[in-house]
2 protein chains.
Amino acid sequence: MSNIAVATIAFDYFSHGLASGEWHDFFKMLTEDFSFSFPVAPFQGHNVGQDKAKQFFNYVSQQVFTTGLFLTVERITSNENTVVFEVKSQGLMFDKPYTNQAAISFDVRGDRICGYREYLSVIYIKDAD
Amino acid sequence: MSNIAVATIAFDYFSHGLASGEWHDFFKMLTEDFSFSFPVAPFQGHNVGQDKAKQFFNYVSQQVFTTGLFLTVERITSNENTVVFEVKSQGLMFDKPYTNQAAISFDVRGDRICGYREYLSVIYIKDAD
């Protein structure tokens, strides 16, 4: 399976996790030594290991985007190891209307994801109407 | 010339601009309708046109990174229209030690750059020692 195919499957599970809070399928695709970088506290910076990843993604769903965050893919770029998804996101963050753009970079090893980096674009919370 | 080749030349000029404040070569590679997105005020959001771009990049060099910002490319991904550079950056921001990671996405049209999006990773200013 090509790295784009692996990354696309993982991204679909990732997107499903953000929308629904169900992360099981995504977690199954992570390598043991999976590491990730994220811009915002309490997981700001570089984090290593599946346990940390589970804490992070469950935190995102249970505390930040409790009604789901919904991604639209705008662009996909790749090389032999990495696939980058540029996305728009929309939902409620801490119960307030939220929209953003992000670059989400997956490193692929075999049929799994060994690295994830998220970069954020327009960082703001829209005021409620 | 391949889109990666065009984007790499533009990125070298971009990197030189950030390091030195000399943006002339980069500006020459922008299409008339060049547009860009940036995460942070006063140019937060989507900006259109070469004049806006010149204001932005000159602002960055003259007011934010007056002694230069220095990029190290970590990863390059691409598709037929777009090339994404994942980078580390280091320098002084408003005279304080600064380091970050970013995804910089260039859209290529012919031998020019028609779009640029910047996404930021770890957003922080290191305290001076």
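The values are calculated or read from the model by the stated rules, or taken from the named source; none is laboratory data. This is a predicted model, so every value here is computed, not measured. Here Cβ is always computed from backbone atoms with ideal geometry, including for glycine, and neighbour counts include all displayed protein chains. Protein only, heavy atoms only, side chains kept; ligands, DNA and RNA dropped before computing areas. Shrake-Rupley method; radii C 1.70, N 1.55, O 1.52, S 1.80 Å.
Observations on the structure shown:
- 5 Å binning of all Cα-Cα separations within region A:3-125, expressed as whole percents from 0 upward: 2, 12, 22, 27, 23, 11, 3, 0
- Between the listed residues A:N58, B:G110, A:S78, the Cα displaced farthest toward the positive end of the dipole of the protein assembly as shown, a dipole computed from Cβ unit charges relative to the Cα centre, is found at A:N58.
- Other-copy label distances relative to B:F70, 7 angstrom Cα-Cβ extension, nm: 4.7
- Among A:T67, A:A5, A:T99 - extreme Cα towards positive end, dipole of chain A, charges at beta-carbon: A:T99
- When the chymotrypsin sites (Phe, Trp or Tyr not before Pro) in region B:55-120 are filtered for DSSP coil states and for at most 10 other beta-carbon atoms within 10 Å of their beta-carbon, the remaining sites are B:F94.
- One decimal place: the segment B:R75-B:D25 gains 15.7 nm when fully extended, by the rule 0.36 nm per residue minus the C-alpha distance.
- Net charge dipole size for chain B [Lys, Arg +1 and Asp, Glu -1 on Cβ; Debye, nearest 20]: 120 debye
- Placing a label point 7 Å from Cα along the Cα-to-Cβ direction at B:G21 gives distances to the equivalent points in the other copies of 5.3 nm, listed shortest first.
- With a cut-off of 11 Å between beta carbons, the residues surrounding B:R112 carry a summed charge of -2, where Lys and Arg count +1 and Asp and Glu -1.
- Between helix A:50-59 and chain A there is an angle of about 20 degrees, using the helix long axis and the longest principal axis of the Cα atoms.
- Remark on the protein assembly as shown: ratio of C-alpha radius of gyration to 2.2 N^0.38 Å is 1.01.
- Stretch gain in nm, segment B:E32-B:K88, where the contour uses 0.36 nm per residue and the Cα spacing is subtracted: 17.3 nm
- Helix B:3-20 vs. chain B, principal-axis angle (Cα, 0 to 90°, nearest 10): 30 degrees
- Structure-based [θ]222 nm, chain A - -39500 (n - 2.57) summed over DSSP H runs of at least 4, per residue, nearest 500: -7500 deg cm²/dmol
- Heavy-atom surface analysis with a 1.4 Å probe gives chain B a carbon and sulfur content of 49 percent of its accessible area.
- Proximal lysines relative to B:K96, as straight alpha-carbon distance under 20 Å, when same-chain residues fewer than 8 apart are discounted: B:K88, B:K126
- Heavy atoms of chains A and B lose about 1900 Å² of accessible surface on contact, summed over both sides with a 1.4 Å probe.
- Across identical copies of the chain, B:E32 has label-point separations of 6.0 nm, listed in ascending order, with the point defined 7 angstrom from Cα along Cα→Cβ.
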